[in-house]
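The values are calculated or read from the model by the stated rules, or taken from the named source; none is laboratory data. Worth saying up front: this structure is predicted, and the values here are computed from it rather than measured. With ideal geometry, Cβ positions are generated from the backbone for all residues, glycine too; neighbour counts draw on all protein chains shown. Protein only, heavy atoms only, side chains kept; ligands, DNA and RNA dropped before computing areas. Shrake-Rupley method; radii C 1.70, N 1.55, O 1.52, S 1.80 Å.
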Amino acid sequence: MLNYIKSELYRIAHQEGVYVFGGICAGLLVLMNIVLAWIKWENPTFRYGNTWFVFGFVDDVLGMVFVMTIIMGCLVFGDEYKDRTIGNSIAFGDSPVMVYLGKIIVSLIVSVITLAAVVAIFVGSAYLLLEDSGPAALWEFLRDYLANSLFLVQGVLAALTFCFLSGSKGAATWIWLAVYEAFPMVVSLLGLKFPFFSKLDGWLAGNLAGSHTYIGKEAIAFWQTPEGLMKLLVAGCAGIVIFLLLGILGVRRKEL
């Protein structure tokens with residue numbers, strides 16, 4: 001498996017897809033900081049030209065970051081079926097399960113590096129261009145992403161698994177959206193009538209990723225409550241296990 005992982009990392013490192021994706025994400029975040037800094041320079045009383053606002057804003061769109069894990073999963077999967085590279089790997093002695101697990105490891109390595117690079121560029125440009133609101137703003141921003149990290153892992157894993165089982169990145173994208181976007185909406189509607197679905201609604205990754213709750217009239221991140229953090233960790237781990245089992249059983253049965 002180690003040789004397969006090395007070959008996959010080499011392949012991805014020499015393709016532009018991940019670089020373009022990471023560059024677009026980082027570029028948009030830097031552009032936001034530049035615009036806020038320009039407005040702050042024009043109007044010194046502008047209240048949003050600081051790190052507290054931009055870190056909080058990126059926290060609030062964590063649900064969107066979760067959806068973007070589809071792109072990362074599809075980029076790592078590549079055109080395996082179209083190019084028949086999976087068949088070549090199996091012909092050289094790698095089992096389908098080994099190929100699947102190797103892809104997962106590669107996807108996590110690439111995802112962590114890409115996210116770390118984008119966050120570093122975003123944070124660095126924020127401190128360079130905007131008013132420093134103190135270390136508390138950065139610490140809360142980083143803790144939010146750490147608390148939701150299992151959902152980000154789950155999102156990439158689900159996208160990769162659907163790519164393997166469907167054989168198409170397009171089909172995998174639609175399946176992912178159905179599982180994480182359409183299904184939670186259906187459960188939410190059923191929860192208005194049936195208590196079981198109301199309880200289930202509070203455990204779905206599509207609803208929990210980047211979610212908030214209220215203490216009185218104050219909105220806080222879900223992970224800042226003991227119950228919320230527990231739900232994030234349990235639901236994140238459960239989803240990872242479910243998709244791992246689904247992927248392993250699926251690739252064993254699928255003719256690769």
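Computed over the chain, relative contact order equals 26 percent, with contacts defined as Cα pairs under 8 Å that lie 6+ residues apart. At full extension, HIS212 and TYR145 could sit 22.8 nm farther apart than now, given 0.36 nm per residue minus the alpha carbon distance.
Per-residue accessible area (protein heavy atoms, 1.4 Å probe) orders PHE183, PHE46, PHE53 as PHE183, PHE53, PHE46, starting from the largest.
Along the stretch 118-124 the Karplus relation, 6.51 cos²θ - 1.76 cosθ + 1.60 evaluated at θ = phi - 60°, assigns HN-Hα couplings of 5, 5, 4, 5, 4, 5, x Hz to successive residues, with x for each Gly and Pro. Phi-derived couplings, Karplus 6.51 cos²θ - 1.76 cosθ + 1.60 at θ = phi - 60°, listed residue by residue for the stretch 157-164: 4, 4, 4, 5, 5, 5, 4, 4 Hz, with x used for Gly and Pro. Each helix, a run of at least 4 DSSP H residues, gives -39500 (n - 2.57); summed and divided by the residues of the chain, these come to -24500 deg cm²/dmol at 222 nm. Placing +1 on the Cβ of every Lys and Arg and -1 on the Cβ of every Asp and Glu, with nothing else charged, gives the stretch 11-166 a dipole about its Cα centre of roughly 220 debye. Here the chain has 70 percent of its accessible surface on carbon and sulfur atoms, given a 1.4 Å probe and all protein chains in place. Between the amide H of HIS212 and those of PHE222, distances stay under 5 Å, these residues lying 5 or more places away or on another chain, with hydrogens modeled in the peptide plane. Placing dummy labels 7 Å off each Cα toward the beta-carbon, the span from LEU128 to MET98 is 4.5 nm. Under 26 Å of direct C-alpha separation, and excluding same-chain neighbours fewer than eight residues apart, LYS231 reaches these lysines: LYS193, LYS199, LYS217.
With 0.36 nm allotted per residue and the present C-alpha distance subtracted, the LEU189-ARG252 stretch has 19.1 nm of extension available. Per-residue Karplus couplings for the stretch 104-114, computed as 6.51 cos²θ - 1.76 cosθ + 1.60 with θ equal to phi - 60°, are listed in order as 4, 4, 4, 4, 5, 4, 5, 5, 5, 5, 5 Hz, Gly and Pro entered as x.
Residue separation of SER198 and ILE220 scaled by 0.36 nm, minus their Cα-Cα distance, works out to 5.8 nm of gained length. When you filter the chymotrypsin sites (Phe, Trp or Tyr not before Pro) in the stretch 192-256 for DSSP loop state and at most 16 other Cβ atoms inside 10 Å of their Cβ, you are left with TRP203.
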